[in-house]
Amino acid sequence: MNKRISKSGAMDFHVLPPKGLLNDPNGLVHYKGTTHIFFQWNPHETDHSYKCWGHATTEDLIHYTYHEEALLPEEWYEKNGCYSGSGLVHEDKLYLFYTGNVKNEKEERESYQCVAVSEDGFHFEKLGPVIRDIEGYTAHVRDPKVFRHEDGLFYMVLGAQREDLTGDTILFRSEDLLKWDFMGSLMEEKVDLGYMWECPDLINYKDKSVFIFSPQGLEPQGEKYRNIFQTGYYTGTFQNGVFRKDDHDFTEMDRGFEYYAPQSFAYPDGRILSMGWMGTMEKEKEEALPTVKEGWVHHLSILRELSLSPEGKLIQKPVRELESAREKILDENRESFKVEIETPLEVNLKLSEGSSSMELRYGGDLQLNYDGSAFSVERKDWLTGEREYRSVELPEGLTELQMLLDHTSAEIFINGGREVVSLRFFKDEEHNELLITGNADMDLRLYGLVF
Ligand code: FRU
């Protein structure tokens, strides 16, 4: 399969479906010198009627090569889809863990947690289901994320729904990756967050862990939880098979529009990298995506480097390898800027101490605002034509902003990755004007991105 060339002829720097619909990143893993990125894929239609695992690889974390599908729904235990899951290298073999989704004759759901194994990263032998029904939970159990802990044992977290129709994440433990023992709920404390939790991920730093998951069914609270579904995290500790959360609210990982179902993996140099799906949206909005007429919808986010700040905030930065694609266009200190520039591009803005407002517009659609306390992003809803926005309070003010723009998306890293705001947006084709104004001098570095 060839690399995908976007309509504009430029190479995009995101993992995009060569055709059809892409959703969650799956099985992110570095194996035998190559980084593998699998993804939920319907190669036939731009809808969710079919799910296999698409496959891309990268040697440098910014250029992607696409391959044949890795897992197709061919067996009885996955006949309605090879759903999301993860990858793990053990004894030189690559193991994939995924959910076999089945709709039985009565149209009821069955979920099987399955294993496939490979010795080259491209051809997989399916070993079949290793976990079936779980007492106390409905058939909504999916998205196995497997990791090895410091005790030498393997752990699997799974998104789940209790029989009382509340969301949860459950934990299994294994010595050999094939026989799994049920350990119960991952969290010590029961938190009430929606009706189903999808795509859990547990990152274990030296003395802190971060539990990331995607709950469904949260009600908006002010400017929080405004998307159809959210992704967020708790910090805490993971010991003896239990996650004890710190005393803080569920914190959204991304304050933009559709970021969902991220997955992390350890890169050989020690970095924890993660990418998400951009992303989840209402069905009518998905069907109206302007790229439907090009035969594809959705893409993954760029890779983010994850770390924890001393006070326990998740810091997310664009993978540093992206810097090698920069071609400098402008490096100036002024109060306002007006530049004609095509995507893909990167904006790096540093505000001075006296700055208390900033407005950025691009391509006749995208608008960013900082009013001295909150940062907001606005775009045109491509379904209704109306303006829509998301907003996040910045208690420490806006000091710097890094924005990566691809042809149909923006990823905005605020104050060195303390907040991230990502979104799809669809500008007028010929409209390439970038306008930035503030109330004090700002340092602007502007780069074209060449891949
Ligand atoms: C999240 C999700 C997962 C599931 C997959 C199916 O977007 O719903 O829970 O495994 O997508 O494509």
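Nothing in this text is a laboratory measurement; each read-out follows from the coordinates by a stated rule. From a predicted model like this one, the values you see are computed outputs, not experimental measurements. Positions of Cβ are backbone-derived with ideal geometry, glycine not excepted, and every protein chain shown enters the neighbour counts.
Here is how the numbers come out for the structure above:
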item	result
The stretch 180-255: relative contact order as a whole-number percent, Cα under 8 Å and 6+ apart	29 percent
Burial ordering of R162, R424, R142, fewest other beta-carbon atoms within 10 Å first	R162, R424, R142
Cα-based convex hull volume of the chain per residue, rounded to whole Å³	140 Å³
Cβ-defined net charge surrounding V117, 13 Å radius [Lys, Arg +1; Asp, Glu -1]	-4
The stretch 101-124 residues near the modelled D176 label - backbone nitrogen below 16 Å, point 7 Å along Cα→Cβ	115-117
Counting DSSP beta bridges with both ends in the stretch 4-318, the antiparallel % (nearest 5)	95 percent
Coil-residue trypsin sites (Lys or Arg not before Pro) of the stretch 308-342, DSSP, other Cβ within 10 Å capped at 16	K313
Label-point gap, in nm, between K293 and R109 - each point 7 angstrom along Cα→Cβ	3.5 nm
Loop-located chymotrypsin sites (Phe, Trp or Tyr not before Pro) in the stretch 109-141 whose Cβ has at most 16 other Cβ within 10 Å (DSSP)	F122
In the stretch 334-383, the GluC sites (Glu not before Pro) that fall in loop regions by DSSP, at most 13 other Cβ within 10 Å	E342, E353
Sum of -39500 (n - 2.57) over DSSP H runs of 4+, divided by residues of the chain (222 nm, nearest 500)	0 deg cm²/dmol
Under 5 Å, built H, 5+ apart or other chain: amide partners of E198	S214, Q216
Convex hull of Cα atoms in the stretch 323-449, direction-averaged projection (nm²)	7.2 nm²
Centre separation in Å (Cα based) which lies between the stretch 213-291 and the stretch 358-420	18 Å
Kirkwood Rh in Å, taken over all unlike Cα pairs in the stretch 47-206	16.5 Å
Stretch gain in nm, segment E327-E150, where the contour uses 0.36 nm per residue and the Cα spacing is subtracted	59.4 nm
Rounded FRET efficiency, nearest 0.05, which uses the C-beta distance separating D207 from R320 and R0 of 35 Å	0.90
Cβ-defined net charge surrounding C199, 9 Å radius [Lys, Arg +1; Asp, Glu -1]	-2
Long pairs among K51/K79; K380/K427; K19/K51; K103/K190; K19/K145; K224/K285, criterion Cα-Cα beyond 18 Å	K103/K190; K19/K145; K224/K285
Percentage relative contact order, the chain, counting C-alpha pairs under 8 Å, at least six apart	12 percent
Under 10 Å, Cβ to Cβ, from G167 - net charge with Lys/Arg +1 and Asp/Glu -1	-2
